[in-house]
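Trainee: Attaching a single structure in structure tokens format; questions to follow.
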Amino acid sequence: MHELEVKIPSVEARSYRISIGNEILGSLWDRIEADYSRLSKFVVTDENLVSAGHLEAFLGRGSVLTFVISPAGETSKNIDTVTSIIEAMEKAYLGRDTLVVALGGGTVGDIAGFAASVFKRGVPIVHVPTTTVAQADSSIGGKTGVDSSISKNAFGAFWHPAAVYIDVAVLTTLDDRQFRAGLVESVKHALIADNEYFDFLQSNIEAVLERKADVLEKMADYNCKIKAGVVEADPTEKNQRRMLNYGHTVGHAVEAASGFELLHGESVAIGIIAAGLIESEMGLSEPGRLDRIRKIFEKIGVPITLPANLAEDNLVDLIKRDKKAVNKWPRFVLISRIGKVYCRDGQWAVEVEQDVVENVLGKF
Ligand code: GLY
């Protein structure tokens, strides 16, 4: 037997810019054309963005190949949609000198990002996120993927964008339930990383709900700084990036158990309360902390208790199937105070006995 060693030079360090503003959508296309003048453009969006008039506002008089995902939402987040996008790009003779432009919420970003990551072994993408969840979370950090018939994000890749452009004005037309549910990821960012941001959200929650541009811009700024900081430290989620999963272990189980009747953010709100109760069981709570969190979620209008129709044993079964589980039981992200994740032996997600979790699920 002979052996050869292949040395792979480390991937070139790369950075990207996140631009945040109010009412900038109409000026973005010219900027993208100028910044990426040597690349052909291919826009991926969905029918909601078309009917809200955002695609038209974005492109102005520009004319570009556009793939409109229909129906909008999770049901289209599958490999068939990716195949259709790639074949549309091939039919248009697009090559590796193509820039994919994703205009839309988390689903559009995930699908377009994954398509960009595999089209001719990868072409650049820029994101123009248009929902609270996409602006706070999914457009930053390079996670892309689509669902199989068995599980969420079964096909996926880390594919970092070339740039992200956030216009908070597009949030003014977002459906109210979606708007509110997406705010949970902002509360999560405050809880894991920034006490001052939590105070800001608490004091300004009415203005956030009224969708006041200056407050939404400030919120976007906090979110992007927090998320970018975590992603920079651990881009491929070896350890520290797991903190972004705060509330998600129970949250994902709740979302699946509800048959996706509950939105992602609504399920994560319940997951964050469950994490708070686990923290109490493990001696990590502080007086009044969980009440502050419950109050902000009540104001946002997301659930803070488990719906009665979700069976506890089904939730435990789903938690065992968590994609990050090792030996059929996942680790949990917990906080020791607002703005500080509990880190044990250098691990940002820690072991919690199944009994403790079962006890908590039986409690609320
Ligand atoms: N949404 C969690 C992450 O980007 O890691």
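The values are calculated or read from the model by the stated rules, or taken from the named source; none is laboratory data. The structure presented is a predicted model; accordingly, all values stated were derived computationally and were not measured. Virtual Cβ from ideal backbone geometry, glycine too; neighbours counted across all protein chains shown.
Trainee: Only one residue in Arg211, Arg180, Arg242 is of a type in the set (Lys, Arg), assigned to a helix (DSSP H, G or I) and more than 25 Å from Asp322 (Cα to Cα). Which one?
Mentor: Details: Arg211 fails: assigned to a helix (DSSP H, G or I); Arg242 fails: more than 25 Å from Asp322 (Cα to Cα).
That would be Arg180, the only listed residue that is of a type in the set (Lys, Arg), assigned to a helix (DSSP H, G or I) and more than 25 Å from Asp322 (Cα to Cα).
Trainee: Tell me yes or no: at least one residue of region 185-193 is more than 18 Å from Phe332 (Cα to Cα) and among the polar types (S, T, N, Q).
Mentor: Yes: region 185-193 contains one or more residues that are more than 18 Å from Phe332 (Cα to Cα) and among the polar types (S, T, N, Q).
Trainee: Considering only residues that are β-branched (Val, Ile, Thr) and within 27 Å of Leu209 (Cβ to Cβ), which ones fall in region 296-319? It would help to see each step written out before you state the result.
Mentor: We begin by selecting, within region 296-319, every residue β-branched (Val, Ile, Thr); these are 296, 300, 302, 304-305, 316, 319.
Ile296, Ile300, Val302, Ile304, Thr305, listed by residue number.
Trainee: Moving on. Every residue in region 224-235 that is more than 10 Å from the ligand (Cβ to nearest atom) and either farther than 17 Å from Gly182 by Cα or outside any helix (DSSP H, G or I) (or both), please. Outline the logic, then answer.
Mentor: Just the residues of region 224-235 that are more than 10 Å from the ligand (Cβ to nearest atom), to begin with: 224-226, 228-229, 232-233.
Passing the criteria: Lys225, Ala228, Gly229, Glu232, Ala233.
Trainee: Checking Gly145 against (1) modelled with pLDDT of 95 or more; (2) assigned to a loop (DSSP other than H, G, I, E, B); (3) closer than 23 Å to Ala257 by Cα; (4) of a type outside the set (Val, Ile, Thr): exactly one of these is not met. Which one?
Mentor: The single condition Gly145 does not satisfy is (2).
Trainee: Taking region 341-364, which residues are within 22 Å of His189 (Cα to Cα) and free of Cβ contacts under 8 Å to residues at least 40 places away in the same chain?
Mentor: Cys343, Arg344, Val350, Glu351
Trainee: Against the definition (hydrophobic (A, V, I, L, M, F, W, C), within 17 Å of Lys324 (Cα to Cα) and in contact with a Pro (Cβ under 9 Å, 6 or more places away or on another chain)), how does Val254 come out, yes or no? Don't jump to the end; show me each part of the working.
Mentor: On the way: hydrophobic (A, V, I, L, M, F, W, C): yes; within 17 Å of Lys324 (Cα to Cα): yes; in contact with a Pro (Cβ under 9 Å, 6 or more places away or on another chain): yes.
The answer is yes for Val254.
Trainee: Just for region 85-121: of the residues that are within 22 Å of Glu33 (Cβ to Cβ) and part of a loop (DSSP other than H, G, I, E, B), which one is farthest from the ligand (Cβ to nearest atom)?
Mentor: The residue in question is Tyr93.
Trainee: Could you grab me the full set of residues in region 183-208 that are among the charged types (D, E, K, R), part of a helix (DSSP H, G or I) and crowded, with 18+ Cβ neighbours inside 10 Å?
Mentor: Glu185, Lys188
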